[in-house]
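Peer 1: This structure is in C-alpha cells; I'll ask about it shortly.
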Amino acid sequence: RRGRSLEYGQHDLEAERGARWSYTTGLLAQAVFDAGVFFDNGRYRQFGEDIISSYVAPDGTVATYEAEDYNVDQINSGKMLLRLYKSTGEERYKLAAEKLHAQLEDHPKTSEGAFWHKKIYPWQVWLDGVYMAGPFHAGYYAEFVENPDWDDVVQEFRTCYKHLRDPRTGLYFHAWDEKRVQGWADPQT
C-alpha cells in the first residue's frame, strides 16, 4: 500500500510527511527484499534496493539521517546497507554503514553500557532498541571488523534481561529508566 512513497523525496502517506530514513523504511524495504530472495523475484529485490539506495549518496551520506540525534531507531535501516553492500559491492553502502556504526561508537550509554534509546530519552533502555541496533551492530562487526568487541553487542541483551525481564512472569517490560525519573518508571525499581 505504501509503494514508492518510502523513497527519499516522496511523501510518506502513512506518516503524512516527507519520506525519511527511519526504522520503518528499512523494515519494509528489507521485508520486500527478503521476499524477493525467498521467491527468487528480482522485482521485489529491486524494490527493496531502490528504497534504500534513494537515500544513499555516492560518498555514503544518508539523506535525512542525523547522527547527532543519537537515535537507535535510525540504525535499523543499516541492516539493508550491509545486505546491499554484500549483494552489489557498491562502496556507497559500506560508507553509509560506517557512518551509522560511527554513531554507535559515540552513542550515549547507561552506566552498564547499554545504548540510550535516543538522545531525547536519556538514560532509557527500550526493549525494541535491541532490535533496532543489535543486528546491525553485530553484522557490521562480522563484515568489517577484524577483532570485534562482541561483548559490546551482548551487553544490550544483558542489560535488557537484567532490567526489563519480569522475574515473576518471564515477560519483558517495554522500557527501563536508569535514573527513575520518567512518569512511567517505578521510582524504586
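Peer 1: In region 87-128, how many are in a helix (DSSP H, G or I) and either over 30 Å from VAL37 (Cα atoms) or of a type in the set (Lys, Arg) (or both)?
Peer 2: The first filter runs over region 87-128 and keeps only residues in a helix (DSSP H, G or I), leaving 87-88, 91-106, 127-128.
If we keep only those that are either over 30 Å from VAL37 (Cα atoms) or of a type in the set (Lys, Arg) (or both) too, we end up with 92, 94, 99, 105-106.
Number satisfying all stated conditions: 5.
Peer 1: Another question about this same structure. Just one of TYR140, TYR131 is out of contact with any helix residue (DSSP H, G or I) (no Cβ under 8 Å at 6 or more places or on another chain), assigned to a helix (DSSP H, G or I) and within 22 Å of ARG20 (Cβ to Cβ); which is it?
Peer 2: Being out of contact with any helix residue (DSSP H, G or I) (no Cβ under 8 Å at 6 or more places or on another chain), assigned to a helix (DSSP H, G or I) and within 22 Å of ARG20 (Cβ to Cβ) holds for just one of TYR140, TYR131, which is TYR131.
Peer 1: Right, here's the next one. Output the residues belonging to region 11-27 that are over 16 Å from GLN74 (Cα atoms) and open to solvent by 90 Å² or more (accessible area, probe 1.4 Å).
Peer 2: HIS11, LEU13, GLU14, GLU16 - these are the residues of region 11-27 that are over 16 Å from GLN74 (Cα atoms) and open to solvent by 90 Å² or more (accessible area, probe 1.4 Å).
Peer 1: Could I ask something else about it? Please verify whether GLY3 is open to solvent by 50 Å² or more (accessible area, probe 1.4 Å), more than 20 Å from the chain's Cα centre (by Cα) and at positive phi, treating the condition exactly as stated.
Peer 2: Taking the combined requirement at face value, the residue does not satisfy it.
Peer 1: Follow-up. Test ARG92 against the stated conditions and say whether it is surrounded by fewer than 23 Cβ atoms within 10 Å (Cβ to Cβ), at pLDDT 95 or above and under 23 Å from ALA31 (Cβ atoms).
Peer 2: Yes; evaluated as a whole, the condition is true for this residue.
Peer 1: Just the residues that are more than 17 Å from MET132 (Cα to Cα), exposed (fewer than 14 other Cβ atoms within 10 Å of the Cβ) and not basic (Lys, Arg), please, taken from region 151-169.
Peer 2: ASP151, ASP166, PRO167, THR169
Peer 1: Checking THR24 against (1) of a type in the set (Ser, Thr, Tyr); (2) closer than 17 Å to MET132 by Cβ; (3) touching a residue at least 40 places away in the same chain (Cβ under 8 Å), only one condition comes out false. Which one?
Peer 2: (3)
Peer 1: Okay, moving on. If I ask for residues that are open to solvent by less than 90 Å² (accessible area, probe 1.4 Å) and either outside any strand (DSSP E or B) or not small (Gly, Ala, Ser) (or both), which ones from region 170-183 would you list?
Peer 2: Result: GLY170, TRP176, ASP177, GLU178, GLN182, GLY183.
Peer 1: Taking ASP186, is it surrounded by fewer than 18 Cβ atoms within 10 Å (Cβ to Cβ), among the acidic types (Asp, Glu), within 21 Å of TYR70 (Cα to Cα) and modelled with pLDDT under 95?
Peer 2: Taking the combined requirement at face value, the residue does not satisfy it.
Peer 1: Inside region 143-162, can you point out the residues that are in a helix (DSSP H, G or I) and closer than 21 Å to MET80 by Cβ?
Peer 2: Looking only at region 143-162, we keep the residues that are in a helix (DSSP H, G or I), and these are 143-144, 150-162.
Listed by number, the residues that qualify are GLU143, PHE144, VAL153, GLU156.
Peer 1: Could you look through region 77-131, keep only residues that are of a type in the set (Lys, Arg) and within 30 Å of GLN182 (Cα to Cα), and pick out the one that is nearest to the chain's Cα centre (by Cα)? Working first, answer last.
Peer 2: If we filter region 77-131 for residues that are of a type in the set (Lys, Arg), which is where we start, we get 79, 83, 86, 92, 94, 99, 109, 118-119.
Of the ones still in play, those that are also within 30 Å of GLN182 (Cα to Cα) are 109, 118-119.
Numbers: LYS109: 16, LYS118: 12, LYS119: 15 Å.
The extreme case among them is LYS118.
Peer 1: If you check ASN147, ASN76, which single one turns out to be over 26 Å from LYS162 (Cβ atoms) and among the polar types (S, T, N, Q)? So that I can check it myself, show each step before the final result.
Peer 2: Values: ASN76 fails: over 26 Å from LYS162 (Cβ atoms).
Exactly one of ASN147, ASN76 is over 26 Å from LYS162 (Cβ atoms) and among the polar types (S, T, N, Q), namely ASN147.
Peer 1: Within region 135-144, is even one residue aliphatic (A, V, I, L, M), open to solvent by 30 Å² or more (accessible area, probe 1.4 Å) and touching a strand residue (DSSP E or B) at 6+ places or on another chain (Cβ under 9 Å)?
Peer 2: No, that holds for no residue.
Peer 1: So, in region 119-128, exactly how many residues are touching a helix residue (DSSP H, G or I) at 6+ places or on another chain (Cβ under 9 Å) and open to solvent by less than 40 Å² (accessible area, probe 1.4 Å)?
Peer 2: Summing the residues that are touching a helix residue (DSSP H, G or I) at 6+ places or on another chain (Cβ under 9 Å) and open to solvent by less than 40 Å² (accessible area, probe 1.4 Å) in region 119-128 gives 1.
The values are calculated or read from the model by the stated rules, or taken from the named source; none is laboratory data. Predicted model only: the values in this text are computed from it and were never measured. Here the Cβ is made from the backbone with ideal geometry for all residues, glycine too, and neighbour counts use every protein chain on show. In case anyone asks, the SASA skips ligands and DNA or RNA and just uses the protein heavy atoms, side chains included. Shrake-Rupley method; radii C 1.70, N 1.55, O 1.52, S 1.80 Å.
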